[in-house]
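Visitor: This structure is in structure tokens; I'll ask about it shortly.
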Amino acid sequence: MYSHTLQQAGSLTLRNATPDDLPGVLALLAETAGWLHTRGIRQWPADGFPAARIEPLIAEGTMYVLDDEDARQEGEIRVPAATMALDDHADPEFWRRADHPESGLYVHKLAVKRAFAGSGLGGALLDWAALRVAATGRRWLRLDCSKNNPGLQGYYRKLGFRHVRTVDLPHRASGALFQRAADLASPALPHARRRRSAHVATH
């Protein structure tokens, strides 16, 4: 296991999730899913994801948590400030052979605790993910999101993502596909902050 400290937030540490983090990750995903549903967005199940969907990501080492070292434990569960999976699993219903799926890494289960909404953590995590893509020699950071969530799609555009296409499958709420070049820092972050978010310390 290794960890990364985001330089623009001294009390927040990004690291690989461990099995002990599962309850907190599930709680954060459930919080985010519930918030989305209150806004009429049905991309995720209303109660979040079952453990069986998240355990393999932790086991593979592709699920990350952003620890809030100053946060109080919520009951017996320590809920992270944010979570994100980053892997090479291109959804075959969305990404075609012509997209060269092997040329990218894919973001899944990105969620930021409501207490940190608007703080720029999502953009910082995506900048970090883009650096990971570049480190593997791949070209694209990719993700999919709800077909009916123009606000979220606009957010990704502001962070430098380009809309590839929308795949309209009747059994999937998601399907709006976006990608960003691995060497592109988020244009939504001021220059100085962008440099800090791109610089991570490895322990």
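The values are calculated or read from the model by the stated rules, or taken from the named source; none is laboratory data. The shown structure was predicted, so the numbers you read here are calculated from the model rather than taken from an experiment. Here Cβ is always computed from backbone atoms with ideal geometry, including for glycine, and neighbour counts include all displayed protein chains. Accessible surface is based on the protein model in full, side chains and every heavy atom, while ligands, DNA and RNA are left aside. Shrake-Rupley method; radii C 1.70, N 1.55, O 1.52, S 1.80 Å.
Visitor: Would you kindly give the portion of the calculated P(r) for region 45-133 that falls above 22 Å, as a percent of all Cα pairs?
Guide: Working: 1415 of 3916 pairs.
For region 45-133, the share of Cα pairs beyond 22 Å comes to 36 percent.
Visitor: In nm, to one decimal, how far is the modelled label at K158 from the one at H108, with both set 7 Å along Cα→Cβ?
Guide: 2.8
Visitor: Let me ask another. Just to be sure I understand the curve: with the Debye formula and one point per C-alpha of region 89-131, what is log10 I(q)/I(0) at q = 0.14, 0.17, 0.23, 0.26 Å⁻¹?
Guide: Reported log10 I(q)/I(0), two decimals: -0.46, -0.61, -0.83, -0.91.
Visitor: Name the aspartates and glutamates eligible as straight-distance cross-link partners of K147: C-alpha to C-alpha under 17 Å, and not fewer than 8 places from it in the same chain.
Guide: The reachable aspartates and glutamates, counting only those whose Cα sits under 17 Å from K147, are D91, E93, D168.
Visitor: Put F161, F116 in order of accessible area, largest first, 1.4 Å probe: what do you get?
Guide: Result, largest first: F116, F161.
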